[in-house]
1. Can you tell me which of Ala32, Ala42, Ala19, Ala36 is loosely packed, with under 13 Cβ neighbours inside 10 Å and touching a Gly at 6+ places or on another chain (Cβ under 9 Å)?
2. Is it true that Ser97 is within 12 Å of the chain's Cα centre (by Cα), surrounded by fewer than 17 Cβ atoms within 10 Å (Cβ to Cβ) and modelled with pLDDT of 90 or more?
3. Among the residues that make up region 50-72, is at least one of them open to solvent by less than 50 Å² (accessible area, probe 1.4 Å), touching an Asp or Glu at 6+ places or on another chain (Cβ under 8 Å), within 26 Å of Val22 (Cβ to Cβ) and hydroxyl-bearing (Ser, Thr, Tyr)?
4. Quick test for you: out of Ala121, Ala105, pick the one residue that is in a helix (DSSP H, G or I) and without any contact (Cβ under 8 Å) to a residue 12 or more places away in the chain.
Amino acid sequence: VRIDHNLWKGRHPMPDEAATPVLDLLATMTEAAVEASELDPAAQILLRFAALVALDAAPASYLFHFGAGAEQGLTLEDAQQVLVTLAPLVGTARIVSASSKISRALGFALAVSELAEEELAEEDADSL
C-alpha cells in the first residue's frame, strides 16, 4: 500500500494550508530532524517507528511515518521486523496495541485512496 504522507500536510483533502497548522509544524520539525541527523533516512524512520511503538502512539502517527518510509523503500515487512525486535523490550500488550493501530491507520489510508480513485473516475466520466 502506497501512502501519500502529503495527506497529513494538509494538501488533500483540505486545500487550505492554514487549516492544518499543527500538522504543518510537525512536518517542519520532522524535516529539520532528518536534515540534522547523520543517519540515513530509512534508519531514521525505523527508529521513529520503534519510538512510536514504545510510546503507544496514535494511528495517525504510524500513517505519517509509513508514508515517509515508503518513500525510502521500507516495507510492511520492515515494520514487522521492528515489532519482532521490540517485543522482548516493550511486551506483548504494547506490540498488540501497535499492531491494531497500524491496521486501523492502513485501513484509513486504503479508504481514502479508494475514495480518491472513485472521485477521479467520476471526474473522468463527467468530462466525456
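1. Working: Ala32 fails: touching a Gly at 6+ places or on another chain (Cβ under 9 Å); Ala42 fails: loosely packed, with under 13 Cβ neighbours inside 10 Å; Ala36 fails: touching a Gly at 6+ places or on another chain (Cβ under 9 Å).
That would be Ala19, the only listed residue that is loosely packed, with under 13 Cβ neighbours inside 10 Å and touching a Gly at 6+ places or on another chain (Cβ under 9 Å).
2. Values: within 12 Å of the chain's Cα centre (by Cα): no; surrounded by fewer than 17 Cβ atoms within 10 Å (Cβ to Cβ): yes; modelled with pLDDT of 90 or more: yes.
No.
3. No; the residues of region 50-72 include none that is open to solvent by less than 50 Å² (accessible area, probe 1.4 Å), touching an Asp or Glu at 6+ places or on another chain (Cβ under 8 Å), within 26 Å of Val22 (Cβ to Cβ) and hydroxyl-bearing (Ser, Thr, Tyr).
4. On the way: Ala105 fails: without any contact (Cβ under 8 Å) to a residue 12 or more places away in the chain.
None of the other options fit; the residue is Ala121.
The values are calculated or read from the model by the stated rules, or taken from the named source; none is laboratory data. All of these numbers come straight from a predicted model, not from anything done at the bench. We place every Cβ from the backbone using ideal geometry, glycine too, and count neighbours over all the protein chains shown. Remember, those area values only see protein heavy atoms, side chains included, never the ligands or the DNA or RNA. Shrake-Rupley method; radii C 1.70, N 1.55, O 1.52, S 1.80 Å.
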